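The values are calculated or read from the model by the stated rules, or taken from the named source; none is laboratory data. Since we're looking at a predicted model, the values are computed, not measured. Cβ atoms come from the backbone with ideal geometry, glycine included; neighbour counts cover every protein chain shown.
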Amino acid sequence: MAKQLSKVGVTDGALATAAQVTQSIDALTGADAYDLTLSGSSTTTGSINILASAASNLTLEVNESAQFEFLNGAPNTGSFIVQTSPDTGKGALQSYFGQGTGTVFSTTIPNQLFGLKYITGSNATEGELSMTFGKRDLSGLGSPALNMNNFYVAYEPGGIFTNAQGELELHLGEHDQVGTGIVLQYRGGLTALSQTSSYAGYFSSSAFPNQQLHTRPFAISATSTVNDSNPAFVINKNITGLTTSNFSVDYGGNISSSGDITGGTLSISSNQINFTNLPTSDPGVVGRLYRDGATVKVSI
């Protein structure tokens, strides 16, 4: 049980003993355990570290040079309030609030964040879940457009940076590739070159409004204006400079493809088939249709 500070023997005009003075010093320096109760306002300059107890290992840190990892393997340093729970064998939980600088792939990332992080296994080998709200300035990783305001949630069965087992992300706000919107993203692959990404949600970019510029390999789009001109499902081969999709299905059920549709047997069941812009002379390509006056013919 902790001791109590005592005023016994402390009177006006009497000499103060060493014990009467050192009890306060011991209490404030942590040299001995005393129960302290503060009444009124308190102003503290500098860092604060609170350890609930040696057994609990629950800590609260208020520090202008706090160090923690926003994602496992992405250290942050700055003015943060950080609370860390003990790892009970089932996982460790951390919350943080403040601003500072992180490091991602050896690149400094200024950020202003409120977030939560949960990991299991050594170095998040059994899973990592992270949620943040605020600004992450990723412009050092490629483009000034990556200075983002967003709400971000990510989960990976292993460490989030690895993508080895597949990573699921939710972005509300600005996204580093699709512009702005509400984006659900899946990424998998051991390296940036081998990763596969897919996107679903509402998003827009200046290069390709209401669709996805960097789709690999597909996108599902639910735009703010639902009509036949806004595609519902898109597959794009070229991930840069797109102006049209290679394959799309729009909200009216229309299918558009820039390539061939092949199969062992192709069946079309409809009460109306329209062929527009047929050539008016034999194209000389076996199997291709053309129009000779009012007659449709097949080139042989």
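A few remarks follow.
- Region 105-123: number of residues that are in contact (Cβ under 8 Å) with a residue 40 or more places away in the chain and farther than 17 Å from Tyr152 by Cβ: 1
- Selection within region 6-47 - more than 30 Å from Ser65 (Cα to Cα), among the β-branched types (Val, Ile, Thr) and exposed (fewer than 10 other Cβ atoms within 10 Å of the Cβ): Val8, Thr11
Here's the yes/no breakdown for (1) at pLDDT 85 or above; (2) polar (S, T, N, Q):
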| position | (1), (2) |
| --- | --- |
| Met1 | no, no |
| Ser6 | yes, yes |
| Gln23 | yes, yes |
| Ser47 | no, yes |
| Leu60 | no, no |
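So that you can scan it fast, the table gives a plain yes or no per residue for (1) modelled with pLDDT of 65 or more; (2) in contact with a Phe, Trp or Tyr (Cβ under 7 Å, 6 or more places away or on another chain); (3) hydroxyl-bearing (Ser, Thr, Tyr):
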residue	(1), (2), (3)
Val153	yes, no, no
Glu156	yes, no, no
Ile182	yes, yes, no
Ser205	no, no, yes
Pro231	no, no, no
Ile235	no, yes, no
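- Hits in region 75-92 - residues which are crowded, with 16+ Cβ neighbours inside 10 Å and not β-branched (Val, Ile, Thr): Asn76, Gly78, Phe80, Gln83, Ser85, Gly91, Ala92
- Considering residues of region 93-109 that are of a type in the set (Ser, Thr, Tyr) and part of a strand (DSSP E or B) only, the residue surrounded by the most Cβ atoms within 10 Å (Cβ to Cβ): Tyr96
- Residue within region 53-71 that is under 30 Å from Lys7 (Cα atoms), out of contact with any Pro (no Cβ under 6 Å at 6 or more places or on another chain) and in a loop (DSSP other than H, G, I, E, B) present: yes
- Filter pass, Leu113 being within 27 Å of the chain's Cα centre (by Cα) and either closer than 16 Å to Ser130 by Cβ or loosely packed, with under 10 Cβ neighbours inside 10 Å (or both): yes
- Restricting attention to region 110-134, the residues that are acidic (Asp, Glu) and in a loop (DSSP other than H, G, I, E, B) add up to 1.
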